[in-house]
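Chemist: Following this message is one structure expressed as structure tokens.
The values are calculated or read from the model by the stated rules, or taken from the named source; none is laboratory data. Keep in mind that what you see is a predicted model, and the values were worked out from it rather than measured. Reconstructed Cβ throughout: ideal geometry from the backbone, glycine too, with neighbour counts over all protein chains shown. Surface accessibility is based on the protein's heavy atoms, side chains included, excluding ligands, DNA and RNA. Shrake-Rupley method; radii C 1.70, N 1.55, O 1.52, S 1.80 Å.
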Amino acid sequence: MSFVDSICIKVLNHAAIIYGKGNRLILLTGKKQIVNNIQPYDKIHHISFIKQNEDAYKVVCSAGREVLVTNVIDNKFCESVLFKISDWISSIKILENESIIVMTAHSLVSLIKIVEGKPIIETKLRCEENSTLYCSQIQGSCWNNLTFFGGTALGELLVWRKINEKPHIIHRQFLHNGVIFSIDYYNNYLLTSSDDRSLKVHKISFDNNSMELKEIKQLFGHTSRVFTGKSINFNDGIYFVSTGEDSNVCIWSENGELLSKKNVCSSGVIWNFDYQKETETIITCSSTGKLNKFKLREILFQKLDKISINSKANPAKIEYYEDSLIILDSDMNLHLKSPGKSSMKIEQTEENVRKFVATDLYENRLFLAAKSSVLVYEISKERNLTFMKELDIKNLLKNSVDLNYLRSIHSLSKSRIFISDANGLCLVLNIEHESIERLLKIPQSSEPWTTAVKQIDNIWLVADRVGNLFLFKDNERVEILNPIQKLWKLHGQLGVTNIITQNDGFIKTTGNDGTVKTLFIDKDEIEIRQCQRTLVNWIEKVCIWREKEFLLGFNDNYFVIANKRQIIYEHRCGGRHRHWDVSYDNIKNLVTFTYIQKKEINSVQFFLSDFSFDVDDDVLWHVKECNVMKIVDGNVLISGGEDTLLKLTSFEAIGNEIKFKEMLDINSQISSIKTIATWKDQNELLIISAGGRAQITVTRIFNMKYAKEEVNFMLTNSLENGNSKESTLDPETRFTCISVDKNSSKVYVACSDGFIRVLNLTRTNDGKCMKLELFLEHFYGKCLLQLHLIGEIILTMATDGIVCFWKPKKDFSNLKLIKTLKHNQSGINCFDVFNKGNGNYVIGTSGDDMEIHITKFVIESEKIEVQETIFTSLVHTAQVTGLKFLSEKIFFTTSIDQTICKLKIEEEIKILDRKFICIADVKGFEFTIDKIFAYGAGLETLPVF
């Protein structure tokens, strides 16, 4: 499995699709994937097919300048042919007689037939217009009635045909203010998409050898480039569908109304899609290679309703019990609305009028808090609401304890509730025994009442309205418990919304800062082990539906439901400050969201669909470039990139394939991650990551499942010792490379502002925390790119192409330059050092100048003796970004030219082998004994060759 661009996809039938993933052509039937054993050099960009009989298809696809022709028979690939033409292929089509039409980027059309496994060009046709085509489409079923559509970089549409054996342009028109990326002709509609973020719908009509184009609509819904737009037939009507760079899938009606906009940000760029008419499903392919499916019946279904109550009062609060809605109005009357039953109402008597300030529901029991009383109601199986009892809290308290107005209520079980008043007094009530089990006191603040409560054995976790989380421990000898620990504003200003216990002893909390935090209680003390950002800014509820976890909350004025991958649903409701609830029908997979807005009860019903394709492993990769990667424990990838995400992913070899498993996502960096170092501390893995904004984070990993941020260091000022007087701290400083001396716990950092910085990683006096302290800066004067330690010797490489050898003074007051090697003409992007033993080393470097330099040297104390240097510039055709030694004589390199080369050191550097990879913007590679992992804009695995 790899995470590479999947650019094209076609639906063969209701049970099979075929798509390109990198340079591999994959047939997908159910959950079974079959890969064609013949692979072109470049990525597959276009696919066309014809149906020969019930179980046989002829398929052609293009990849750069190559054409792959194959047969699919009984869901298997047979008889594949691969050949190359002289120009980049813009579009390809197979005709009914199995002839192949190839249209190049320079409007050259070739009619090709495969005879005895070899391509024969029968005829060629070149349009007189020489503009480079960014996209094209071929319409027609035989050579004599073909129409060719082309879109240029300047937004011009070209339409031409073969008339009297010569090409003739029948229409040309400027449609967009930018590149045309796709053209679709269907049912007399012409739909085009562009990098001006719009689509245009035209009505098209042909009259002999002329064409008329009439603009109908211009569609705006994307926030970035639109790569694909198509017209589909659904529900006896025409719909327009588009995908693009912003990860959105937009669906418009025939009159141009935007009906649905779904975002699958975890998949990256959505390059293309196809429509499976039998199942009414749109299947998309993306830059991470991930497929997503959108069932139109589900995503276009939305039932809006308004719910009225038999009262002049306005609705105040609502709660769902299964599919029954409980409504509390402003006169404190209770209403119960159940499907198939008439509405039920319980009115407050005049002598018993009060204001209920909080409600909670546990199973079929409803609890209401008002002033100093708690009322209990129960819902029967027949959906009747019955009053059970009222508890006057003041009568249960001792005279020495003062009770203010109740402000919150939380149900712990059917018989136990947790309430708090306006002064922070908290009570645990036993409803059945009408007694107080426990009293707790939240420290005084502006709003000291509770937002979430959880009991874990003899520990109480209580969150208050101003954002603090308190830990209480039961003590029978104390009348009122006081907190023994406080986490200050754990989720920001407005409090924790959920506290969830897990089977492994960890605790998750959510709040109004858009994060999920993982806590652990050790020796009656809470530790924050992990913080994960989510797609919901204001998390209100966490629901488990069909064994999957969903976050419910608000983004601005939208109610949203999301999982860790994408936002499943959003509905404009005015924002968070209102009462609302949801009901879920597990059988129909329907969610009902009900909320109060402008003194009315509004309801919307929709299907819960997470868009995931069944065949995909539950693994997400970086949606932006991966900058750095390390392999630890032989089967764990640690990676960081432009998305600021530090990922831990395990892998396992199954046959010839690699199966990945997602382990951890860590959101501790505020800018891109450029470098990673790892080491073991107390038998636990420490990851030191650094990058943009001069930030270093130290993260401790527990059992490869949870993470604790030990240190978050940001460079805020510079020292005034050594030769650092040149330093004026640049806020754009990047830490480009780090290396750790595990014996002394010193962290060496190469910086973009020209400094070598040394920090001490130590523990605080109490031994509970770690800290990073800057104690040495040395100014080099060039942007440093690489840094490496060989014992006490520090190697640095910068944009000047020089390898410098440094040794610190005995008192670590400064660094002494002891040797320089002029290797490259410009910046050194990659290097590796091979230790031959006895002080003998081999260093290899390369960079923007594409030169590969190999130097053998010996280290004796402070003396560096260079034995031999060889170099070559004939390996790659673009910047070299990765270099690794396999042995003393064998090493690998990779480059922006998307190749990995195996090289041998002899009297000169000799190329042994070369492999093409489909990763764009290659940043480097790592390897194990038998596998190479190349990373950049994706991840690709290949055998060590």
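Chemist: When you look at I318, is it more than 30 Å from K203 (Cβ to Cβ), in contact with an Asp or Glu (Cβ under 6 Å, 6 or more places away or on another chain) and assigned to a strand (DSSP E or B), yes or no?
Modeler: Against the criterion (more than 30 Å from K203 (Cβ to Cβ), in contact with an Asp or Glu (Cβ under 6 Å, 6 or more places away or on another chain) and assigned to a strand (DSSP E or B)), I318 qualifies.
Chemist: Return yes or no: is R763 under 18 Å from A690 (Cβ atoms) and among the basic types (K, R)?
Modeler: no
Chemist: So which pairs qualify, if the first residue must be in region 693-718 and under 14 Å from I670 (Cβ atoms) and in a strand (DSSP E or B), the second must be open to solvent by less than 40 Å² (accessible area, probe 1.4 Å) and aromatic (F, W, Y), the Cβ gap must be under 6 Å, and the two must be at least 6 apart or on different chains?
Modeler: I696/F713
Chemist: When you check S813 against the structure, is it in contact with a Gly (Cβ under 9 Å, 6 or more places away or on another chain), of a type outside the set (D, E, K, R) and at pLDDT below 95, yes or no?
Modeler: Yes, satisfied.
Chemist: Sticking with this structure for a sec: Hey, among L190, L213, L175, which residue is of a type in the set (A, V, I, L, M, F, W, C), crowded, with 19+ Cβ neighbours inside 10 Å and farther than 23 Å from I92 by Cα?
Modeler: L175
Chemist: Related question: From the list I890, I900, pick out the single residue that is at pLDDT 95 or above and open to solvent by 10 Å² or more (accessible area, probe 1.4 Å).
Modeler: Step by step, each of I890, I900 is checked, and only I890 is at pLDDT 95 or above and open to solvent by 10 Å² or more (accessible area, probe 1.4 Å).
Chemist: At negative phi, in contact (Cβ under 8 Å) with a residue 12 or more places away in the chain, outside any loop (DSSP other than H, G, I, E, B) and of a type in the set (D, E): which single residue out of D360, D402 fits that description?
Modeler: D360
Chemist: While we're on this one: Among S330, S373, which is among the hydroxyl-bearing types (S, T, Y), touching a helix residue (DSSP H, G or I) at 6+ places or on another chain (Cβ under 9 Å) and closer than 24 Å to N404 by Cβ?
Modeler: Testing whether each residue is among the hydroxyl-bearing types (S, T, Y), touching a helix residue (DSSP H, G or I) at 6+ places or on another chain (Cβ under 9 Å) and closer than 24 Å to N404 by Cβ leaves just S373.
Chemist: Name every residue in region 1-15 that is within 20 Å of I101 (Cα to Cα) and open to solvent by 40 Å² or more (accessible area, probe 1.4 Å), in order of residue number.
Modeler: K10, the sole residue that qualifies.
Chemist: Can I ask one more? Kindly evaluate E245 against the criterion of being surrounded by fewer than 22 Cβ atoms within 10 Å (Cβ to Cβ), among the acidic types (D, E) and over 30 Å from T534 (Cβ atoms).
Modeler: no
Chemist: Can I ask one more? Quick check on my filter: what residues within region 648-684 are outside any strand (DSSP E or B), over 18 Å from Q530 (Cβ atoms) and open to solvent by less than 50 Å² (accessible area, probe 1.4 Å)?
Modeler: Listed by number, the residues that qualify are S671, S672.
Chemist: Sticking with this one: Tell me, please, whether a residue that is touching a residue at least 24 places away in the same chain (Cβ under 8 Å), in contact with a Pro (Cβ under 9 Å, 6 or more places away or on another chain), surrounded by fewer than 20 Cβ atoms within 10 Å (Cβ to Cβ) and hydrophobic (A, V, I, L, M, F, W, C) can be found in region 482-499.
Modeler: No: region 482-499 contains no residue that is touching a residue at least 24 places away in the same chain (Cβ under 8 Å), in contact with a Pro (Cβ under 9 Å, 6 or more places away or on another chain), surrounded by fewer than 20 Cβ atoms within 10 Å (Cβ to Cβ) and hydrophobic (A, V, I, L, M, F, W, C).
Chemist: Let me ask something additional. Yes or no: region 408-426 includes at least one residue that is in contact with an Asp or Glu (Cβ under 6 Å, 6 or more places away or on another chain), over 24 Å from T509 (Cβ atoms) and assigned to a strand (DSSP E or B).
Modeler: Scanning region 408-426, I find no residue that is in contact with an Asp or Glu (Cβ under 6 Å, 6 or more places away or on another chain), over 24 Å from T509 (Cβ atoms) and assigned to a strand (DSSP E or B), so the answer is no.
Chemist: Looking at V109, V102, V115, can you tell me which residue is of a type in the set (V, I, T), open to solvent by 30 Å² or more (accessible area, probe 1.4 Å) and either under 19 Å from V69 (Cα atoms) or touching a Cys at 6+ places or on another chain (Cβ under 8 Å) (or both)?
Modeler: Only one candidate passes the filter, namely V115.
Chemist: Right, next: So, in region 1-34, exactly how many residues are of a type in the set (V, I, T) and either within 15 Å of N71 (Cβ to Cβ) or free of Cβ contacts under 8 Å to residues at least 24 places away in the same chain (or both)?
Modeler: 3
Chemist: Output the residue which, of all residues in region 16-41 that are open to solvent by less than 40 Å² (accessible area, probe 1.4 Å) and part of a loop (DSSP other than H, G, I, E, B), is farthest from L95 (Cα to Cα).
Modeler: Selected residue: G22.
Chemist: Another question, then. Suppose we filter G20, G30 for residues that are within 29 Å of the chain's Cα centre (by Cα) and modelled with pLDDT of 90 or more; which single one remains?
Modeler: Of the residues listed, the single one that is within 29 Å of the chain's Cα centre (by Cα) and modelled with pLDDT of 90 or more is G20.
Chemist: If you don't mind, there's one more thing I want to ask. Tell me, please, whether a residue that is within 20 Å of L487 (Cα to Cα) and assigned to a strand (DSSP E or B) can be found in region 435-446.
Modeler: For region 435-446, residues within 20 Å of L487 (Cα to Cα) and assigned to a strand (DSSP E or B): present.
Chemist: Hey, can you tell me all the residues within region 621-637 that are in contact (Cβ under 8 Å) with a residue 60 or more places away in the chain and either of a type in the set (V, I, T) or not assigned by the TED database to the domain that holds S671 (or both)?
Modeler: Passing the criteria: V623, V628, I631, V636.
Chemist: Give L412, L391, L425, L406 a once-over and let me know the one that is within 22 Å of N333 (Cβ to Cβ), within 49 Å of the chain's Cα centre (by Cα) and open to solvent by less than 60 Å² (accessible area, probe 1.4 Å).
Modeler: Only one candidate passes the filter, namely L406.
Chemist: When you scan region 857-870, do you find a residue that is within 30 Å of A937 (Cβ to Cβ) and of a type in the set (V, I, T), even just one?
Modeler: no
Chemist: Condition check: touching a Cys at 6+ places or on another chain (Cβ under 6 Å) and on the phi < 0 side of the Ramachandran plot. Does W160 satisfy that?
Modeler: Criteria met by W160.
Chemist: Any residue at all in region 638-646 that's in a strand (DSSP E or B), open to solvent by 20 Å² or more (accessible area, probe 1.4 Å) and either farther than 26 Å from D741 by Cβ or not assigned by the TED database to the domain that holds G936 (or both)?
Modeler: no
Chemist: Moving on to the next point. Write out, first by first residue and then by second, each pair whose Cβ atoms fall under 9 Å of each other, whose residues are 6+ apart or on separate chains, and whose first residue, in region 223-239, is under 15 Å from V201 (Cβ atoms) while the second is in a strand (DSSP E or B) and of a type in the set (D, E, K, R).
Modeler: Note: pairs meeting the criteria are T228/D184; G229/D184; G229/K200; K230/D184; K230/D274; S231/D184.
Chemist: Residue check: is I204 surrounded by fewer than 20 Cβ atoms within 10 Å (Cβ to Cβ) and either out of contact with any Phe, Trp or Tyr (no Cβ under 7 Å at 6 or more places or on another chain) or part of a strand (DSSP E or B) (or both)?
Modeler: Here the answer is yes, as I204 does meet what is asked.
Chemist: Could you tell me which numbered condition W160 fails, if it satisfies all but one of (1) open to solvent by less than 40 Å² (accessible area, probe 1.4 Å); (2) in a loop (DSSP other than H, G, I, E, B); (3) not charged (D, E, K, R)?
Modeler: Among (1) open to solvent by less than 40 Å² (accessible area, probe 1.4 Å); (2) in a loop (DSSP other than H, G, I, E, B); (3) not charged (D, E, K, R), W160 violates only (2).
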